[in-house]
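Reading through the C-alpha cells given below for one structure.
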Amino acid sequence: MMLSRLSTAQWALAAWLLLIFLLCIIPTDRLPRVSWDMLEPDKFIHAALFIVYGLLAIRAYPVAQGQLSARMVVYIIGFAIVYSFFLETYQQYCTANRRFELPDIIANTVGACIAICIAWWQQKK
C-alpha cells in the first residue's frame, strides 16, 4: 500500500502505535513512582493505550456492512499480542532499565478486547 493512499484513520492508527512504542521505551527512572496494594496503575495505562489502539484499528479498516467480523477481531487481538510481545522484548534487550513483563502483554490484550466489546456494543445499539 502506498503511503499516499492511507486514510486519515490509518494515519491516526500508525501514529498511535508509534506513540505506544515511544511511551514504552521511556526509561523507568523517568516515570513517576506510584504503587497500589493490589494492582499497578501501569497496567491500567497499558489497557487504556490498547483500548484506543483497538478503536482506531476498527475505524481505520471499516468492516463490511458495519458488522465487526470474526476475522477483524482475530486481527485486532492477534496484532495486539504480537506488538506487545515485540514491545516487551525490545524493552528487555534494547533499553537500559526496562524489562520483559508478561502482565503488560496481558493488560494490552485486555485493552484490545475491551475495544472490541465497545465496538460490538455500539453495533447493537
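Report relative contact order for the range 65-116 in percent, whole number only (criteria: Cα-Cα under 8 Å, sequence separation at least 6). Write down the numbers at each step before the final one.
On the way: 30 pairs, mean separation 19.7, N = 52.
Computed over the range 65-116, the figure is 38 percent.
Residue by residue through the range 12-17, which ³J(HN,Hα) values in whole Hz follow from phi under the Karplus form 6.51 cos²θ - 1.76 cosθ + 1.60 (θ = phi - 60°), with glycine and proline marked x?
4, 4, 4, 5, 5, 5
As a footprinting exposure proxy, order K125, K43 by other Cβ within 10 Å, with the fewest listed first. Present the calculation step by step, with values, prior to reporting the outcome.
Values: K125 4, K43 17.
Result, fewest neighbours first: K125, K43.
How much length would be gained if the chain were fully extended between R59 and T89, taking 0.36 nm per residue of separation minus their Cα-Cα distance, in nm to one decimal?
Taking R59 through T89 to full extension adds about 8.0 nm, to one decimal.
Along the three principal axes, how long is the range 42-125 when you take its alpha carbons, biggest first, rounded to the nearest angstrom?
47, 20, 16
First measure r as the distance between the Cβ atoms of L18 and K124, then evaluate 1/(1 + (r/R0)^6) with R0 = 30 Å and state the FRET efficiency to the nearest 0.05.
My answer for the efficiency is 0.40.
Arrange the following residues from fewest to most other Cβ atoms within 10 Å of their Cβ: W121, W11, W16. Numbers along the way, then the final one.
Values: W121 9, W11 12, W16 18.
So the residues, fewest neighbours to most, are W121, W11, W16.
Every number in this text was worked out from the coordinates using simple rules, so none of it is lab data. Keep in mind that what you see is a predicted model, and the values were worked out from it rather than measured. Here Cβ is always computed from backbone atoms with ideal geometry, including for glycine, and neighbour counts include all displayed protein chains.
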